[in-house]
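*Asks:* Take this structure, written in structure tokens, and hold onto it; I'll ask about it next.
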């Protein structure tokens with residue numbers, strides 16, 4: 001007659017499961033927990049009284065999703081403001097908004113300042129060229145700044161994103177040298193920070209920046 005297998009108590013069962021879990025590789029445990037959360041989260045609905053509607057628990061949006069959503073909204077909002085303030089066509093405004101916001105963030109500049117600089121320098125013309133050899137939206141001179149910006153002269157001419165990034169880099173260079181926004185703009189305009197030499201230029205950018213800042217969505 002076969003002997004009956006003794007049943008394990010709850011504590012013994014939990015102890016064995018804990019030992020088994022701890023013996024698994026860390027990566028496997030992480031993957032299993034992630035899979036479990038994917039299954040359980042949609043089911044976690046908390047009910048109140050009979051007369052109340054069910055209340056769904058709020059969970060934070062994964063970090064991998066939030067930045068992209070926030071970035072897209074920021075680009076749309078900034079592009080819309082440039083359309084209203086400067087009359088830039090919506091499709092072009094969104095392109096410029098993305099380039100300007102990224103370059104400003106990387107070089108610690110006010111995006112409204114950089115957008116106003118592009119407005120005054122080129123009126124948002126992608127392939128603008130001057131008689132003095134300045135090119136693109138920010139009107140940088142490839143002969144002077146291409147090596148400083150770590151790019152080719154051709155890129156500054158044909159790639160507006162690269163051009164705006166270089167313009168932001170040049171402006172931040174002058175800002176770091178003299179420590180003031182007006183001085184940085186004077187340096188950008190004349191090649192060297194010379195107080196009083198570019199007052200009209202600085203005033204035009206200030207006016208454009210005020211126009212952009214006062215434009216509501």
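The values are calculated or read from the model by the stated rules, or taken from the named source; none is laboratory data. Since this is a predicted model, take the numbers as computed values, not measurements. Please note: Cβ atoms are built from the backbone with ideal geometry, for glycine as well, and neighbour counts cover all protein chains shown.
*Asks:* Which residues, taken from the stretch 155-179, are closer than 20 Å to residue 100 by Cα and surrounded by fewer than 20 Cβ atoms within 10 Å (Cβ to Cβ)?
*Replies:* If the condition is that a residue be closer than 20 Å to residue 100 by Cα and surrounded by fewer than 20 Cβ atoms within 10 Å (Cβ to Cβ), then 155, 157, 158, 159, 161, 172, 173, 176 are the ones that fit.
*Asks:* Given the criterion closer than 20 Å to residue 166 by Cβ and part of a helix (DSSP H, G or I), identify the matching residue among 105, 91.
*Replies:* 105
*Asks:* Please determine, by comparing only the residues of the stretch 191-214 that are surrounded by fewer than 16 Cβ atoms within 10 Å (Cβ to Cβ) and at pLDDT below 90, which one is nearest to residue 150 (Cα to Cα).
*Replies:* Looking at the filtered set, the residue picked out is 191.
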